[in-house]
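A short worksheet on the structure shown next.
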Amino acid sequence: MQTASAPSAKTQWPLDAFKEFSAVMVGSIIPNDDRESYIYRSGKLMRNPGPEGRNFVITDLTTLETYGVAPTGCMHDQHAYFRSVPFSLVGPGVTVERAASGQEQETVDGHSCKIEDVIISSRKLLKPLKVRFWEAEDLQGFPVKVQIIRGFGHDPVIRYKNVVLGPQDPTLFIYPHSCEKSPGWGKNSKDALGAKKPATKPPARPPQN
């Protein structure tokens, strides 16, 4: 058993308080997705199973870059893996505002939870994004349920169960730092929520004689 560690001091982004944990993630930002997957976080790195449960994916939550690792090699992508949401929702240029929701308490999967809303704003988003957290009192405030409220279309709900707070096995987060670049590298791309990411500016060519 891993020993539980207290979360860090309260920050504007609630998930910053949980740097070391493992859990079973149920669902994702994809509509009608009810799949379960084991996830792990250690510091700035988050590990998810790869597509269809094959291999594994490491997302750097500070750069929002992803490394897909397989026995045959490694692929480096410029944006966060979709299963790293909501942990990867904040980054450079993003502002966060915490606020109490209209409903203060609710029990989710046997956990008494405080409900909190967080508003995320960014120049990449057409409008501010609301994220609602059900923070379990018996798990030091870890959210066992998260809803991303966009105000249009699908508002995904993600649940977490079998949460274990505490240091993780560091070997789970080892990945090659020299990986093949993903197809479309440097072109305009979108992140997991559909916001456009800026293109990488090509190097300037030397003047022709």
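The values are calculated or read from the model by the stated rules, or taken from the named source; none is laboratory data. Fair warning: this is a prediction, and the values are worked out from it, not measured in the lab. Ideal geometry is used to build each Cβ from the backbone, glycine not excepted, and the neighbour counts take in all protein chains shown.
What are the pairs, 6+ residues apart or on separate chains, where a residue within the range 8-26 that is farther than 9 Å from ARG41 by Cβ has its Cβ under 6 Å from a residue that is at pLDDT below 95 and in a loop (DSSP other than H, G, I, E, B)?
TRP13/VAL90; ALA17/PRO7; ALA17/SER8
Are any residues in the range 163-198 small (Gly, Ala, Ser), surrounded by 10 or more Cβ atoms within 10 Å (Cβ to Cβ) and at pLDDT below 90, and if so, which ones?
Across the range 163-198, the qualifying residues are SER182, GLY184, GLY186, SER189, ALA192, GLY194, ALA195.
Quick check on PHE87: is it in contact (Cβ under 8 Å) with a residue 60 or more places away in the chain, in a strand (DSSP E or B) and surrounded by 14 or more Cβ atoms within 10 Å (Cβ to Cβ)?
No: the conditions fail for PHE87.
What is the residue count in the range 29-61 for residues that are touching a Pro at 6+ places or on another chain (Cβ under 9 Å) and under 23 Å from GLY166 (Cα atoms)?
6
Going by the conditions given, is PRO206 over 17 Å from PHE87 (Cα atoms) and either modelled with pLDDT of 95 or more or over 16 Å from the mean Cα position of the chain (by Cα) (or both)?
Judged against the criteria, PRO206 is a match.
Go through the range 25-71 residue by residue and tally those that are among the small types (Gly, Ala, Ser), in a loop (DSSP other than H, G, I, E, B) and out of contact with any Gly (no Cβ under 9 Å at 6 or more places or on another chain).
3
Quick one: how many residues across the range 57-84 are within 26 Å of ARG159 (Cβ to Cβ), without any contact (Cβ under 8 Å) to a residue 40 or more places away in the chain and hydrophobic (A, V, I, L, M, F, W, C)?
So the count comes out to 2.
Hey, can you tell me all the residues within the range 37-82 that are surrounded by fewer than 18 Cβ atoms within 10 Å (Cβ to Cβ) and on the phi > 0 side of the Ramachandran plot?
GLY43, GLU52, GLY53, ASN55, GLY73
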